[in-house]
Amino acid sequence: MAAAETARSLLEEIRSCTTCAASLAAGPRPVVQFSATSRLVIIGQAPSSRVHATGVPWHDASGDRLREWTGLSPDEFYDAAKVALVPMGFCYPGRGRSGDLPPRRECAPRWHERVFSILKGRRLTLLVGSYAQVSYARRDGTKRSLTDEVRDFRSRNASFFSLPHPSWRSTIWMKRNPWFEAEVLPGLRAAVRDALEDRPSRA
């Protein structure tokens with residue numbers, strides 16, 4: 001009970017955060033999901049404009065594609081008891097010249113450690129996109145392409161799984177890299193199912 005109350009308290013604190021308000025054209029609206037019992041953690045980039053409007057994480061075409069990749073139903077995906085959705089930036093960063101701006105740098109250092117300290121037990125973390133991978137898979141400063149990072153999923157720590165960002169651009173990337181659909185996605189779906197059912201990973 002205490003752990004659940006701690007999670008609720010932190011969620012309330014995060015959702016009232018205005019640290020970056022002056023830099024957010026659309027205003028602050030932190031979008032995040034987690035509970036003490038989450039067994040799957042998905043670290044993405046930052047909410048899209050549609051997610052900002054609805055307040056529902058991954059409620060856009062990228063989310064549809066990510067759910068297809070993982071094999072998760074919407075009910076499973078949005079069940080905080082099972083899945084934590086913790087982006088690198090919790091608020092929509094706004095538009096730049098070639099797409100959405102990067103996640104605000106203040107966000108992850110301020111909140112991630114506190115969020116992850118609440119999660120109990122063994123868990124699987126999906127690093128979706130290069131921002132998450134640079135922060136969590138390449139902390140030693142190693143310079144690797146996203147393609148190499150995703151391709152080497154079997155040699156990585158079994159508690160992490162690197163993926164491209166599931167934007168429309170990923171369909172072009174997948175055509176150039178057919179091994180992703182043939183090899184990575186079956187391994188991903190098995191790892192996700194093992195995590196949700198709290199079984200030892202087969203990776």
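The values are calculated or read from the model by the stated rules, or taken from the named source; none is laboratory data. Remember, predicted model here, so these are calculated numbers, not experimental data. Using ideal geometry, Cβ is built from the backbone for each residue, glycine included, and neighbour counts are taken over all protein chains shown.
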Could we say that His59 is at pLDDT 95 or above, closer than 30 Å to Arg199 by Cα, within 14 Å of the chain's Cα centre (by Cα) and not in a loop (DSSP other than H, G, I, E, B) here?
no
For the range 150-164, state whether one or more residues are modelled with pLDDT of 95 or more and assigned to a loop (DSSP other than H, G, I, E, B).
yes
Taking the range 1-52, which residues are under 30 Å from Asp194 (Cβ atoms), aliphatic (A, V, I, L, M) and either surrounded by fewer than 17 Cβ atoms within 10 Å (Cβ to Cβ) or without any contact (Cβ under 8 Å) to a residue 24 or more places away in the chain (or both)?
Met1, Ala2, Ala3, Ala4, Leu11
Considering residues of the range 6-44 that are outside any helix (DSSP H, G or I) and among the β-branched types (Val, Ile, Thr) only, the residue farthest from Asp79 (Cα to Cα)
Thr19
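Can you say whether Pro47 is in contact with a Ser or Thr (Cβ under 7 Å, 6 or more places away or on another chain) and part of a loop (DSSP other than H, G, I, E, B), as far as the supplied structure shows?
Numbers: in contact with a Ser or Thr (Cβ under 7 Å, 6 or more places away or on another chain): no; part of a loop (DSSP other than H, G, I, E, B): yes.
Criteria not met by Pro47.
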Arg50 - would you say it is at negative phi, in contact with an Asp or Glu (Cβ under 7 Å, 6 or more places away or on another chain) and of a type in the set (Lys, Arg)?
yes
Among the candidates Ala191, Ala137, single out the residue that is touching a Ser or Thr at 6+ places or on another chain (Cβ under 7 Å), among the aliphatic types (A, V, I, L, M) and closer than 20 Å to Glu76 by Cα.
Ala191
Those residues that are surrounded by fewer than 19 Cβ atoms within 10 Å (Cβ to Cβ), of a type outside the set (D, E, K, R) and in a helix (DSSP H, G or I), I need them from the range 62-78; list them, please.
Pro74
Out of the range 69-101, which residues are within 19 Å of Val41 (Cβ to Cβ) and without any contact (Cβ under 8 Å) to a residue 12 or more places away in the chain?
Ser73, Pro74, Asp75, Asp79
With Arg144, Arg105, Arg189, Arg199 as the choices, which residue is part of a helix (DSSP H, G or I), at negative phi and not acidic (Asp, Glu)?
Arg189
Between Gly44, Gly129, Gly94, which is in contact with an Asp or Glu (Cβ under 8 Å, 6 or more places away or on another chain) and not hydrophobic (A, V, I, L, M, F, W, C)?
Gly94
